[in-house]
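Every number here is computed from the coordinates shown, using simple stated rules; none is lab data. A quick note: this is a predicted structure, and the numbers were derived from the prediction, not measured. Neighbour counts are summed over all protein chains in view; Cβ atoms, including those assigned to glycine, are modelled from backbone coordinates with ideal geometry.
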Amino acid sequence: MLHPSGRGVVTVLVPEGRDAILPCSLSTKLSLQHEVFDWKKDGQKEVFLYSAGDEYNNGRPGQDEQFKGRVSHFSEELKLGNASIVIRNTKLVDSGEYSCIIPHLHPKQQRFNIKLIVGAAPKPFVGILNITEDGALLKCEVPGAFPKPLVEWKDSDGNILPAEEPQVSYRGDRYYVTLLIAVTKTDTNVFRCVATQQEISHVTDDEIYVPHCGKISSSVLILGGIFRF
């Protein structure tokens, strides 16, 4: 059950490319077959409009280009008061604040607010930039993530290691993060790069084994995971 505005906002999390269901239904289960309900994004963009059987998928004009051919409702459940919609093949730009307004109900209109977060959660890509007798320089790259991830290096026991300041760029609605760290020999010589996106409850990582110091000369580049002799 949804709560009308003023009582809370429902948050919907979905990975990029998946379908998202935005819920909007009446607790009274009053039929909406002969009613009007209007979905908007960020208070402006027309997402979906239903008016007593007339709707955008039937040729009605006015729908924003971003949503054309991608939004549908549950026609068989209108009689149960369900005005929920499905956005197919979600994109990062679909993230935002959505409102479902049912204006002609008595004694007053109903409004429901939904926050949609579409996430891109690529796996980190780790590598060795350089090995010397004193230690190694490691690199972790997280390409094209959204929301912005927290990137950390950890040892084999899960302890967070001090690293350089992350290099962050923002291109095409995505974050690209690079994190370098200088490490010295440990009992395992295994290090792990962890990317955390709290907003979408997602954690992913990659680990790398650093060969014994002194076995490889400087200017070595090893990318893509665990390397062993």
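Worth pointing out:
- Near residue 205, once Lys and Arg are set to +1 and Asp and Glu to -1 for all other residues with Cβ below 15 Å from its Cβ, the sum equals -2.
- Three semi-axes describe the equivalent ellipsoid of the chain; taken as square roots of 5 times the Cα gyration tensor eigenvalues and ordered largest first, they are 51, 16, 13 Å.
- Within a straight-line Cα-Cα reach of under 16 Å, residue 40 can be paired with the following aspartates and glutamates, leaving aside sequence neighbours fewer than 8 residues apart in one chain: 55, 64, 65, 94, 97.
- Potential lengthening of the chain between residue 150 and residue 130 amounts to 4.8 nm, from the contour at 0.36 nm per residue minus the alpha-carbon distance.
- Estimated FRET transfer efficiency when R0 is 35 angstrom, pair residue 164-residue 201 (beta carbons, to 0.05): 0.80
- Counting neighbouring beta carbons within 10 Å and listing from fewest to most, the residues 106, 73 come out as 106, 73.
- With a cut-off of 11 Å between beta carbons, the residues surrounding residue 143 carry a summed charge of +2, where Lys and Arg count +1 and Asp and Glu -1.
- Nearest-0.05 FRET efficiency for residue 92 and residue 157, computed from C-beta distance (R0 41 Å): 0.70
- Taking only Cα atoms of segment 10-119, radius of gyration then Dmax in Å: 13.1, 40
- The translational diffusion coefficient of segment 125-223, from Stokes-Einstein at 37 °C and 0.692 mPa s with a Kirkwood hydrodynamic radius over alpha carbon pairs, comes to 235 µm²/s.
- Of 91/139; 123/154; 41/148; 41/123; 41/108; 45/91, pairs whose Cα-Cα distance is over 26 Å: 91/139; 41/123
- As a proxy for reagent exposure, 55, 76 were ordered by neighbouring Cβ count within 10 angstrom, fewest first; the result is 76, 55.
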